[in-house]
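Values quoted throughout were computed directly from the atomic coordinates according to the rules given, and no laboratory measurement underlies them. Please read all numbers here as calculations on a predicted model, not as lab measurements. Here the Cβ is made from the backbone with ideal geometry for all residues, glycine too, and neighbour counts use every protein chain on show.
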Amino acid sequence: MNASAGRAISDYQIQFLYRPGKHLSLGQFETLAGELRECAATCFEEVPAYQCLVETREALSDKVLAVAWRRDGHIGGLCSAVLLPVEGVGEVFHLGLTCVRPEDRSAGLTHILTSKVAVEYLLRRRPLSKVWLTNAACVLSSLGNVALYFDEVYPGPEFAEQPGETHLRIARAISEDHREKMFVHTDARFDEDAFVFRRANAGNCFQKKAEDTRFHHRRADLNDYYSNLMGWSDGDVVLQVGSFSLLTGARYFGSRLLSSLRSRGAKVRVSARPHKGTQAA
């Protein structure tokens, strides 16, 4: 019998961390950095030097994270977003990395952690306006979920055929200034017509195969739409640009939004491990 059978969200403590590299004590930082990499090691053959998995304070100083702590004091899953400065737009929220241990995948942590990190960031930074977001991926389930659960997503089957001015401004800024934050090769070509980085993942741990259905979305039309934008064997990556607001949260993250509103300002003790004093939001 699978050891994770019957595991529920009540088995975890969900913590929100805002720019943790700026304020955690040395002990808290070292424990968090080690636990993040330990969780990621169950998802990659070799943990990449990428995003929140780089063990420096600087690497965790522009990140917003939601982590699911298990009762044994280890991280069962994580969702880490990067805050990117874009001239003329402000702070852009990049949905960077989600990892869930194989034995913890029965609890629906991917959706819970993504909604937690997005809603908490929105309530902290832009409660009365909208946040621009990006996602760079070749994973069809990720691309499909962003298209479904966020607003103004380009490219996307339910948005305009052409990107808006802000979509273009953000995409160009990412191509010029923020490739490293997305693990995109410096020599990858940005196809502005398709919003695709050509050969961005060629040969690295993020490249996927078209026939690997583990990474497909449940909706075939979304799989077809995004597959047609990419050259799988070339390691292409789709760049999505969209937005979200409290209205988005009410539509798609309703229960998580209500929970966050009720608990604003509450302190969260994460685990028995050395994170004492760390706060949520």
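What ³J(HN,Hα) values, in whole Hz, does the Karplus curve 6.51 cos²θ - 1.76 cosθ + 1.60 give for region 81-92 when θ = phi - 60°, with x put for Gly and Pro?
Running phi through 6.51 cos²θ - 1.76 cosθ + 1.60 with θ = phi - 60° gives 10, 10, 9, 10, x, 10, 4, x, 10, x, 7, 9 Hz.
Using Cβ contacts closer than 10 Å as the measure, can you line up PHE44, PHE244 from fewest to most?
PHE44, PHE244
Which far-off residues, 5 or more places away or on another chain, put their amide H under 5 Å from the one on VAL196, with H placed in the peptide plane?
Correct list: ASP191, LEU239.
Tell me, in nm to one decimal, what length is gained between GLU165 and GLU46 on full extension, where the rule is 0.36 nm per residue of separation less the Cα-Cα distance?
Extra length available between GLU165 and GLU46 comes to 39.0 nm.
In what sequence do SER141, SER10 fall when counting other Cβ within 10 Å, fewest first?
SER10, SER141
Taking only C-alpha pairs under 8 Å that are 6+ residues apart, what is the relative contact order of region 1-133 in percent?
Contact order relative to length: 28 percent.
Assign one of three labels to region 102-167, namely rounded, prolate or oblate, based on the Cα gyration tensor with a ≥ b ≥ c the square roots of its eigenvalues; rounded applies when a/c is under 1.5, prolate when it is not and a/b is larger than b/c, and oblate otherwise.
oblate
What does the charge add up to near SER129, with Lys and Arg as +1, Asp and Glu as -1, over the other residues with Cβ less than 15 Å from its Cβ?
So the environment of SER129 carries a net charge of +1.
For TYR154, TYR18, what's the fewest-to-most ordering of other Cβ within 10 Å of each Cβ?
Placing the least packed residue first, the sequence is TYR18, TYR154.
Below 15 angstrom from the Cβ of ASP193, what's the summed charge of the other residues (Lys, Arg +1; Asp, Glu -1)?
After counting each charged neighbour, the total is -1.
Could you compute the net charge surrounding VAL184? Neighbours are other residues with a C-beta less than 13 Å from the C-beta of VAL184; K and R count +1, D and E count -1.
Here the charged neighbours net out to -1.
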